[in-house]
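The values are calculated or read from the model by the stated rules, or taken from the named source; none is laboratory data. Quantities reported herein were computed from a predicted structural model and do not represent experimental measurements. Here the Cβ positions follow ideal geometry from the backbone for every residue, glycine too, while neighbour counts run over all protein chains shown.
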């Protein structure tokens, strides 16, 4: 079964990783960043070796996000980020092919142990099954 495993973040988190502290998060040091990258790299390597990794990536900061919706006149309405009304957005993801929900939950629990500086927010790791409904790719 395939699963989407998601980690969340906010613009303030990306700013903190760039060295800008806020009331939301302390500034990350280069050592903090390297610890996070090494931790995530180890997870990615392990998932590749086990054959469970289908795809995965970290995403650009919310300030580079664009929302596109349909306007009342049928023309697209495009809004650039960041979005003050949005607390968290998708920060990164993995698509995993695992034998069971228990297995993907073990992986998510490991992801949740990613090192962060003291005082930085911690977000839950979200698991969403990807049903194989024969509909093909979206």
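Here are the numbers:
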| item | result |
| --- | --- |
| Residue match in segment 29-51 (condition: surrounded by 14 or more Cβ atoms within 10 Å (Cβ to Cβ), in a loop (DSSP other than H, G, I, E, B), at pLDDT 95 or above and touching a strand residue (DSSP E or B) at 6+ places or on another chain (Cβ under 9 Å)) | no |
| Condition broken by residue 66, with the remaining ones in (1) free of Cβ contacts under 8 Å to residues at least 40 places away in the same chain; (2) surrounded by 16 or more Cβ atoms within 10 Å (Cβ to Cβ); (3) within 27 Å of residue 130 (Cβ to Cβ) satisfied | (2) |
| For residue 11: the one exception among (1) in contact with a helix residue (DSSP H, G or I) (Cβ under 8 Å, 6 or more places away or on another chain); (2) surrounded by 17 or more Cβ atoms within 10 Å (Cβ to Cβ); (3) modelled with pLDDT of 95 or more | (3) |
| Filter result for residue 101 (on the phi < 0 side of the Ramachandran plot, at pLDDT 95 or above, surrounded by fewer than 15 Cβ atoms within 10 Å (Cβ to Cβ) and in contact with a strand residue (DSSP E or B) (Cβ under 8 Å, 6 or more places away or on another chain)) | yes |
| Residue that is free of Cβ contacts under 8 Å to residues at least 12 places away in the same chain and either loosely packed, with under 11 Cβ neighbours inside 10 Å or over 14 Å from residue 5 (Cα atoms) (or both), where the choices are 122, 61 | 122 |
| Yes/no for residue 55 being modelled with pLDDT of 95 or more, surrounded by fewer than 15 Cβ atoms within 10 Å (Cβ to Cβ) and in a strand (DSSP E or B) | yes |
